[in-house]
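Below: the structure, in structure tokens.
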Amino acid sequence: MPLNLVVQTAFLGDLLLSIPLLKKCREQWPQHKLALVCRKGFGDFFLKTHLVDQVFEIEKGNADSYAKIVEHLRYVEVDNLISPHESLRTAFFNAKIKAKHKISFQKSWNFLIYSKRTQKNAQLPDAMRQLSLLAPEDANLAKDLSDYTKEAKPFTAQEFGKLSAPPKWASMSLRHQVLELTDVYSSLKQRFDLQGFDEGKAVLIFPGSVWATKRWTEEGFINTGKALQQKGFKVYVMGGPGEEELAEKVAAAIPGSQSLAGKTKIIESAQLIARAALLIGNDSASTHLAAVCDTPLIAVFGPTILEFGFRPWSAESYVVQTEGLPCRPCGKHGHKVCPIGTHVCMKNISAEDVLRTAGFILRS
């Protein structure tokens with residue numbers, strides 16, 4: 001059976017935004033197996049939700065992990081290799097894999113590696129940019145993308161910061177697949193004292209981010225959590241590996257809350273997110289995972305802006321941000337330290353700003 005291979009070795013958030021592309025691969029080549037190359041620890045989620053048939057995981061900086069995949073694929077018939085990740089390292093990796101067609105975005109230097117190259121459209125959200133790699137092979141998709149570019153306003157926040165809904169043909173929702181995994185949820189209930197999820201009264205807070213300046217203030221998360229606890233919601237503070245200390249600190253300051261940071265795998269976090277009433281996080285993987293689960297979310301944007309394309313991609317996505325700052329954006333990913341030493345883009349956002357949007361969502 002021929003194999004289609006999607007190579008996306010970026011951070012988890014970018015990988016989650018590949019879901020519309022993976023869905024389209026399934027639709028376009030239903031008789032082919034679909035495999036994914038991703039970072040270590042990310043693949044289990046895509047296997048358990050049946051998005052892909054096979055996963056190859058790499059460790060950043062570990063050359064052996066790349067070499068083992070190349071060796072394995074020497075004996076596999078790869079029909080289409082699709083690479084939305086544009087780094088030089090990924091391109092060199094893809095050059096070593098034999099495939100009938102290699103597809104990626106057009107760069108001045110990558111014509112020797114990829115047989116089919118697509119111009120990247122900066123006007124599209126990233127989920128659609130990745131999906132556009134298949135447009136040259138699909139006239140209907142090409143028209144849908146063209147019409148969307150002309151008509152939609154994906155980066156315009158409406159009342160209470162609500163963002164426009166994605167069209168169905170570009171959805172990244174896996175809510176049904178996640179909720180089907182009831183055994184995973186049952187296991188979580190045995191391990192933790194989970195309250196509020198079955199009653200729709202659980203709120204999840206993710207205070208962390210890979211980039212320090214993309215984190216809203218601890219005080220903001222704490223005051224928001226306290227207010228929601230007082231309104232009868234059960235607050236859980238969550239995060240990935242390396243964010244445990246921050247999460248514990250925030251949870252300790254919110255009476256009655258609980259930290260689950262570093263204690264759940266991605267598929268387990270998705271189980272909790274899918275059953276939560278609301279998720280509050282930064283411009284990070286947590287809000288993208290909430291979008292996958294169709295859970296109402298509030299994304300706090302600071303140094304980055306929606307126009308970069310990495311907005312949460314769901315119908316229940318809301319953004320809180322400080323408008324009109326001349327220093328914003330200060331970089332595509334944020335920084336470890338604010339370049340001008342003020343971090344005003346985040347410090348100017350109060351708990352009241354976030355609670356105003358949370359109140360609207362939770363009343364709806």
- Item | Matching residues in segment 234-260 - criterion: being in contact (Cβ under 8 Å) with a residue 60 or more places away in the chain and either open to solvent by 30 Å² or more (accessible area, probe 1.4 Å) or more than 23 Å from Trp211 (Cβ to Cβ) (or both) | Gln258
- Task: Kindly indicate whether any position in segment 342-363 is more than 20 Å from Phe221 (Cα to Cα) and acidic (Asp, Glu).
- Result: no
- Note on the structure: Just one listed residue, out of Phe45, Phe56, is part of a helix (DSSP H, G or I) and either surrounded by 20 or more Cβ atoms within 10 Å (Cβ to Cβ) or modelled with pLDDT of 95 or more (or both), and it is Phe45
- Task: Output the number of the condition that Ala165 fails; it satisfies all remaining conditions of (1) over 30 Å from Asp44 (Cβ atoms); (2) of a type in the set (A, V, I, L, M, F, W, C); (3) in contact (Cβ under 8 Å) with a residue 24 or more places away in the chain; (4) open to solvent by 30 Å² or more (accessible area, probe 1.4 Å).
- Result: (1)
- Item | Filter result for Gly200 (at positive phi and in contact (Cβ under 8 Å) with a residue 12 or more places away in the chain) | yes
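Rundown of residues vs (1) free of Cβ contacts under 8 Å to residues at least 40 places away in the same chain; (2) hydroxyl-bearing (Ser, Thr, Tyr); (3) in contact with a helix residue (DSSP H, G or I) (Cβ under 6 Å, 6 or more places away or on another chain), yes/no style:
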| residue | (1), (2), (3) |
| --- | --- |
| Leu5 | no, no, no |
| Phe11 | no, no, no |
| Gly43 | yes, no, no |
| Ile58 | no, no, yes |
| Ala67 | yes, no, no |
| Arg74 | yes, no, no |
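Taking into account only those residues within segment 108-128 that are assigned to a helix (DSSP H, G or I) and closer than 22 Å to Phe92 by Cβ, which is least open to solvent (accessible area, probe 1.4 Å)?
Asn110
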- Phe160 vs. criteria at pLDDT 95 or above, over 19 Å from the mean Cα position of the chain (by Cα) and either aromatic (Phe, Trp, Tyr) or outside any helix (DSSP H, G or I) (or both): yes
- Residue, surrounded by the most Cβ atoms within 10 Å (Cβ to Cβ), within segment 296-309, restricted to residues that are touching a residue at least 24 places away in the same chain (Cβ under 8 Å) and over 15 Å from Arg328 (Cβ atoms): Ile298
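Can you work out which of the residues in segment 71-88 that are touching a Ser or Thr at 6+ places or on another chain (Cβ under 8 Å) and open to solvent by 30 Å² or more (accessible area, probe 1.4 Å) is farthest from Ala135 (Cα to Cα)?
Restricting attention to segment 71-88, the residues satisfying the condition of being touching a Ser or Thr at 6+ places or on another chain (Cβ under 8 Å) are 82-87.
Then drop every residue that is not open to solvent by 30 Å² or more (accessible area, probe 1.4 Å), which leaves 85-87.
On the way: His85: 17, Glu86: 18, Ser87: 22 Å.
Residue satisfying both the conditions and the ranking: Ser87.
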- Query: Identify, please: which residue in segment 191-233 is out of contact with any Gly (no Cβ under 7 Å at 6 or more places or on another chain), part of a helix (DSSP H, G or I) and of a type in the set (Lys, Arg) and is, among those, least open to solvent (accessible area, probe 1.4 Å)?
  - Reply: Lys226
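The values are calculated or read from the model by the stated rules, or taken from the named source; none is laboratory data. On a predicted model such as this, the values are computed, not experimentally measured, just so you know. Neighbour counts run over all protein chains shown; Cβ positions are idealised from the backbone, glycine included. Areas reflect the complete protein model, heavy atoms only, side chains present, ligands, DNA and RNA absent. Shrake-Rupley method; radii C 1.70, N 1.55, O 1.52, S 1.80 Å.
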